[in-house]
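**Student:** Pasting a structure below so you can have a look.
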């Protein structure tokens, strides 16, 4: 994993990229301030990017700051969360204030994953790299 693994999505460069935190590679999904159309494209790119990695290897930070998730996006997100589960070691979310609680609970239930939320990226990153 390296910064060369950056995925550029038509007009949205570096929305999906690796960042380093305390010697660990973290796969950042910067979904902030995205429209529903952009989120649908990003979800497809996330699925494709994650599947290129070793099972159980990824530390993921998803940033939803300022993003509005509608029912169509929520349905696709649930599917991607299930398909990505085998590749993810740990995942943390930030910026979920605008995410309807019912969607968040459905994401956790449907994917059978823990998706802890944090107030800041720094808190989430620290949690991801903690043993």
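**Student:** With 10 angstrom as the radius, rank 97, 131, 38 by how many other C-beta atoms surround their C-beta, starting from the fewest.
**Tutor:** In increasing order of surrounding Cβ atoms, one gets 131, 97, 38.
**Student:** Another question about this same structure. Count the DSSP beta bridges whose two residues both fall in the range 3-129, then state the antiparallel fraction as a percent rounded to the nearest 5.
**Tutor:** Of those bridges, close to 40 percent are antiparallel.
**Student:** Right, another one. Residues in the range 85-117 near a label at residue 53, defined as backbone nitrogen under 13 Å from the 7 Å Cα→Cβ point?
**Tutor:** Label zone hits: 85-92.
**Student:** Separate question: Counting only Cα, what are the radius of gyration and maximum Cα-Cα distance Dmax of the range 21-75, in Å?
**Tutor:** 12.5, 37
**Student:** Computed over the Cα atoms, what is the radius of gyration of the chain divided by 2.2 N^0.38 Å, N being its residue count?
**Tutor:** Against the empirical 2.2 N^0.38 Å value, I get 0.96 for the chain.
**Student:** Next up: Stretched out fully, how many nm does the piece from residue 131 to residue 20 gain, at 0.36 nm a residue minus the Cα gap?
**Tutor:** Here the segment from residue 131 to residue 20 would lengthen by 38.3 nm.
**Student:** How far apart, in nm, are the 7 Å Cα→Cβ label points at residue 117 and residue 79?
**Tutor:** 2.5 nm
**Student:** Taking the Cα-to-Cβ direction at residue 108 and at residue 33 and moving 7 Å from each Cα, how far apart do the two end points lie in nm?
**Tutor:** Once both label points are built, they end up 3.0 nm from each other.
**Student:** Just want to confirm a number: the relative contact order over the range 3-129, from Cα pairs under 8 angstrom separated by 6+ residues, in percent.
**Tutor:** 24 percent
All of the numbers you see were taken from the coordinates with simple rules; none came from a lab. On a predicted model such as this, the values are computed, not experimentally measured, just so you know. Glycine gets a Cβ as well: all are built from the backbone with ideal geometry, and neighbour counts include every protein chain shown.
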